[in-house]
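For reference, the structure discussed in these notes is given below.
The values are calculated or read from the model by the stated rules, or taken from the named source; none is laboratory data. Keep in mind the model is a prediction, meaning the values are calculated, not measured. Note that each Cβ is placed from the backbone with ideal geometry, even for glycine, and that neighbours are counted across all protein chains shown. Remember, those area values only see protein heavy atoms, side chains included, never the ligands or the DNA or RNA. Shrake-Rupley method; radii C 1.70, N 1.55, O 1.52, S 1.80 Å.
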Amino acid sequence: MATDSELESARDLVFQGMGRNLIHFQRLELMLKHILGRYRASVTVGTKECDVAQRQSAVEKKTLGLLAGELFEDLLVRLSDDGAFPPHEPDPDKLSYRVWLGLPAEDHAAEQARLKGLIEERNQMVHTSLLTMDLRTIEGCQAAVRQLDEQRGRIQAEFERARNYSEKVTATAKQHLEKMLDPAFRKGLGFRAE
């Protein structure tokens, strides 16, 4: 039979695992906020007001679940059967760019379900895990640590996917911004040279 000290040490490992996973979930959330704050931008013609700061401020207040919804609605879009992106009507009073990363329907559904499942795991860990984990025995604590280690692997894999999205968004946005700032391009749109 385990001593109180051994059981306490086993519980501490569970709590450390929960803390590590929570930090990894926060890193994932911050990465999604970074991406969703920058995948599109527009400047109002005449005022030169850019909406990036407003967009970034708006995503800072969103939960992980809302961010995931926006990710799959606005950035990781489902391609049509012929491989086309959804239609997009630009605002004629704005100079803007928008980055879309397209996925075939089955890949879109699978990626969305995987992230949704991970968010459900996060919510369960934060809100009910202490009610469902067996922290009364060393074996129960060891099982919880194994589950947390497996979960951490899934979080890290999702973070790497998000980092990949971020790199694509950053590279594409940079190309669009360079074009938008090109004096010849701007002159062709009726902007005066500055």
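Counting residues that are among the hydroxyl-bearing types (Ser, Thr, Tyr) and modelled with pLDDT of 90 or more, which helices (runs of 4 or more DSSP H) fully inside the range 58-175 reach at least 1?
Details: elements: 64-70, 105-127, 129-132.
In the range 58-175, the matching helices (runs of 4 or more DSSP H) lie at 129-132.
Please enumerate the residues belonging to the range 22-42 that are open to solvent by 30 Å² or more (accessible area, probe 1.4 Å) and modelled with pLDDT under 95.
Residues satisfying the conditions are HIS34, ARG38, ARG40.
Would you mind telling me which numbered condition in (1) modelled with pLDDT of 95 or more; (2) more than 25 Å from HIS108 (Cα to Cα); (3) surrounded by 13 or more Cβ atoms within 10 Å (Cβ to Cβ) GLY19 fails?
Going through (1) modelled with pLDDT of 95 or more; (2) more than 25 Å from HIS108 (Cα to Cα); (3) surrounded by 13 or more Cβ atoms within 10 Å (Cβ to Cβ) one by one, GLY19 breaks only (3).
When only residues in the range 145-179 that are among the basic types (Lys, Arg) and more than 16 Å from SER96 (Cα to Cα) count, which is most open to solvent (accessible area, probe 1.4 Å)?
First pass over the range 145-179, keeping only residues among the basic types (Lys, Arg): 146, 152, 154, 161, 163, 168, 174, 179.
Checking which are more than 16 Å from SER96 (Cα to Cα) leaves us with 146, 152, 154, 161, 163, 168.
Values: ARG146: 135, ARG152: 34, ARG154: 103, ARG161: 68, ARG163: 88, LYS168: 98 Å².
Within the range 145-179, the match that is most open to solvent (accessible area, probe 1.4 Å) is ARG146.
Can you tell me which residues in the range 1-45 are assigned to a helix (DSSP H, G or I) and farther than 19 Å from VAL145 by Cα?
We begin by selecting, within the range 1-45, every residue assigned to a helix (DSSP H, G or I); these are 4-36.
Correct list: GLN26, ARG27, LEU28, GLU29, LEU30, MET31, LEU32, LYS33, HIS34, ILE35, LEU36.
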